[in-house]
Structures are given as C-alpha cells and as structure tokens.
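First up is the structure itself, then whatever we jot down about it.
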Amino acid sequence: MKPNTHNCVVSLILEQDGKILMLKRPRQKGGNYSLVGGKVDANESVTHAIIRESFEEAGLILKHENLRMVHVMHREKNAESFIHFFFFANQWQGTIVNKEPDKCDGLEWFGLHELPINSASAILMAVVLYQQGVFYSEFNWKYPENAWAVGSNIRGLK
C-alpha cells in the first residue's frame with residue numbers, strides 16, 4: 001500500500017422478509033460468511049461498484065434509486081486502511097445465483113438477529129451497527145480509545 005492511501009470497498013445488505021443475503025467464502029479464503037460486494041475500481045463511484053459487484057457475484061440487478069447507504073466503516077486490516085461503504089436494498093431484479101463458485105461456496109438468507117457466528121468480524125459489526133442506526137464506525141485500529149478494537153458484545157449470533 002502506498003503511504004496516505006485508502007482502499008475503498010462496498011458491501012450490500014440485501015433484505016427480504018426480515019432476512020439478509022450472505023455468501024460463504026470457501027475454506028481456503030477463510031470459510032466465513034460475508035456480504036455481496038468487493039473493491040471499488042479506479043475511476044468508479046461506490047454506487048456503481050455495488051451495482052457491478054452485486055451482478056458479478058450474485059446476478060442481482062440493482063438500480064441507483066433502490067440503494068441507500070446505511071453505514072461507513074473505516075477499518076484496518078493487515079496494515080492497510082479501508083473505507084468500507086455498506087448499502088441497503090430490498091428491491092432488485094434478476095435471479096439470485098452464485099456466479100463466482102471459485103470465490104463463493106454459496107448464498108444463504110439469515111435473519112437479521114440470527115447472523116452466523118462464523119462471519120467476518122467487520123461485517124458482523126457493520127450489520128449490528130446498521131440495525132442500531134449508527135452511520136459511522138472505526139474497526140480494528142490499535143489505539144486504546146477505539147472501543148471496537150477490543151471487541152463488543154453482539155447479540156443475535158447464530
């Protein structure tokens with residue numbers, strides 16, 4: 001990573017009937033559950049990135065007007081800085097299908113209060129904070145005043 005740069009990533013909280021869509025990474029990529037999403041390409045807006053990633057990973061066809069940014073997380077991972085944008089949608093077109101079986105073992109729906117415990121930590125935290133109406137957080141920074149660096153009780157894990 002170049003000094004003073006941040007990676008931008010996007011994730012989708014897709015909701016239907018009180019459940020959200022999660023994907024399961026293969027064992028060689030950690031085996032944890034995550035959300036549909038990925039990196040923002042150079043010269044690409046975050047909204048375009050979530051629309052592109054959602055189609056590439058899960059066959060979802062999203063429209064700008066059906067997306068709402070619900071959380072932003074500034075996080076550290078492996079000595080790199082990430083600005084992570086979380087979008088919410090409950091309307092889409094297309095058939096949900098695992099379009100990247102080499103990167104994803106499957107797609108599953110989970111209740112908002114029954115998230116799988118083997119989910120990526122930043123994802124769990126963001127979904128919980130979204131449910132609480134918290135728009136911004138910092139995660140995994142190694143300084144004492146950051147409450148999320150030392151963990152927090154999360155209820156509703158499955």
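The values are calculated or read from the model by the stated rules, or taken from the named source; none is laboratory data. If you're wondering where the values come from, they're calculated on a predicted model, not measured in any experiment. All Cβ positions, even for glycine, are placed from backbone atoms using ideal geometry, and neighbour counts span all protein chains on display.
List of remarks:
For (1) in a loop (DSSP other than H, G, I, E, B); (2) in contact with a Leu (Cβ under 9 Å, 6 or more places away or on another chain); (3) modelled with pLDDT of 95 or more, each residue gets a yes or a no:
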site: Gly37; (1), (2), (3): no, yes, yes
site: His48; (1), (2), (3): no, no, yes
site: Ser54; (1), (2), (3): no, yes, yes
site: Met69; (1), (2), (3): no, no, yes
site: Phe86; (1), (2), (3): no, yes, yes
site: Val97; (1), (2), (3): yes, yes, yes
site: Cys104; (1), (2), (3): yes, yes, no
site: Glu108; (1), (2), (3): no, yes, yes
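- With respect to the stated conditions, Arg75 fails to be in a helix (DSSP H, G or I) and either over 20 Å from Asn32 (Cα atoms) or within 15 Å of the chain's Cα centre (by Cα) (or both).
- The stretch 1-33, residues that are surrounded by fewer than 19 Cβ atoms within 10 Å (Cβ to Cβ) and closer than 21 Å to Gln93 by Cα: Glu15, Gln16, Asp17, Gly18, Lys19
A quick yes/no check of all residues on (1) in contact with a strand residue (DSSP E or B) (Cβ under 7 Å, 6 or more places away or on another chain); (2) free of Cβ contacts under 8 Å to residues at least 60 places away in the same chain; (3) at positive phi; (4) not small (Gly, Ala, Ser):
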residue	(1), (2), (3), (4)
Gly18	yes, no, yes, no
Leu23	yes, no, no, yes
Asp41	no, yes, no, yes
Val46	yes, yes, no, yes
Ile51	no, yes, no, yes
Glu57	yes, yes, no, yes
His64	no, yes, no, yes
Leu67	yes, yes, no, yes
Val70	yes, no, no, yes
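- Scanning the stretch 96-134 for residues that are within 20 Å of His84 (Cα to Cα) and β-branched (Val, Ile, Thr) turns up Ile123, Val127, Val128, Val134.
- Test: residue in the stretch 115-122 that is modelled with pLDDT of 95 or more, surrounded by 12 or more Cβ atoms within 10 Å (Cβ to Cβ) and in a loop (DSSP other than H, G, I, E, B): no
- All told, Gly30 falls short of being touching a residue at least 24 places away in the same chain (Cβ under 8 Å) and either over 28 Å from Glu114 (Cα atoms) or touching a Ser or Thr at 6+ places or on another chain (Cβ under 6 Å) (or both).
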